[in-house]
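Values in this text are rule-based calculations from the coordinates and carry no lab data. On a predicted model such as this, the values are computed, not experimentally measured, just so you know. We place every Cβ from the backbone using ideal geometry, glycine too, and count neighbours over all the protein chains shown.
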Ligand SMILES: [Zn+2]
C-alpha cells in the first residue's frame, strides 16, 4: 500500500488511517521540525494528548515501544521505530499568528496552527481547542534549572519515525515554518507522510 504524501515547506497534510495501519513521518530534507497531531475519527474532540502521554509513559521524550494516548487515555499511536537522534519535543505550543506576534516575527503566516485549521476544514472535521502538537524532530531540551532550550533539529535526510495507529484517526503533520529558536536550522523545508501498510 506504500503511498507517499509530500508536505511542502510551511504546509500541512492529513491522512486518515485505521487501527493497525503503519505510517512514517519522514524528514525528507533533514533538520525539519514536523508538528504532528492525531484526532479520533469517531470523535475528533478526543485527540492525541501530550500531557496524557507524558503521564502514561512517565517520560517527556517518547521512544520506540511507547504508546501515546488520547485525552481519555485511549491508546492512539505506538512508536515502532525512530531512525532520528530521538528528540521530539512534547512541550512547545504550535506556532500560530499569535505566537508570531508574541515573538515579534516579521510575518504571522504561514504557521502550524492555521495549517491545522485548514486541513481539518477541508476534511469538514470539527476542531475544538488546538491541542499541543507532538513536535517531531524538534530538539528542545530541559536543563537542570528548568529552562527550556531550543537547538536546531539534528535529524538527517531520510530520518523517520514509524507509528502504528491503535485506533482509527486522522493524522495531521505540518512542516513547521517557524524560525523562532532556529528549530529547523535556517530555512524551513518540507517533509512527508508515508503510508507503509494496512492493519
Ligand atoms: Zn510551527
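Just a few scattered comments:
- Over segment 3-197, the hull volume per residue, using the convex hull of the C-alpha atoms, is 108 Å³.
- Stretch gain in nm, segment residue 125-residue 78, where the contour uses 0.36 nm per residue and the Cα spacing is subtracted: 14.6 nm
- Ordering 84, 147, 55, 99 from the fewest to the most neighbouring beta carbons within 10 Å gives 147, 55, 99, 84.
- Distance from the Cα centroid of segment 79-116 to that of segment 159-179 is 13 Å (rounded to whole angstrom).
- GNM result for the chain, Cα springs below 10 Å: residue of 75, 44, 144 fluctuating most strongly: 144
- Counted by neighbouring Cβ atoms within 10 Å, the residues 105, 50 run from fewest to most as 105, 50.
- For a label point 7 Å along the Cα-to-beta-carbon line of residue 42, residues of segment 53-90 with backbone N under 18 Å: 68-78
- Directionally averaged shadow of segment 107-189, computed from the convex hull of its alpha-carbon atoms, nm²: 7.7 nm²
- Gaussian network model of the chain, springs between alpha carbon atoms under 10 Å - residue of 130, 141, 149 with greatest fluctuation: 149
- Exposure proxy ranking, count of Cβ atoms within 10 Å, fewest first, for 172, 142, 15: 142, 15, 172
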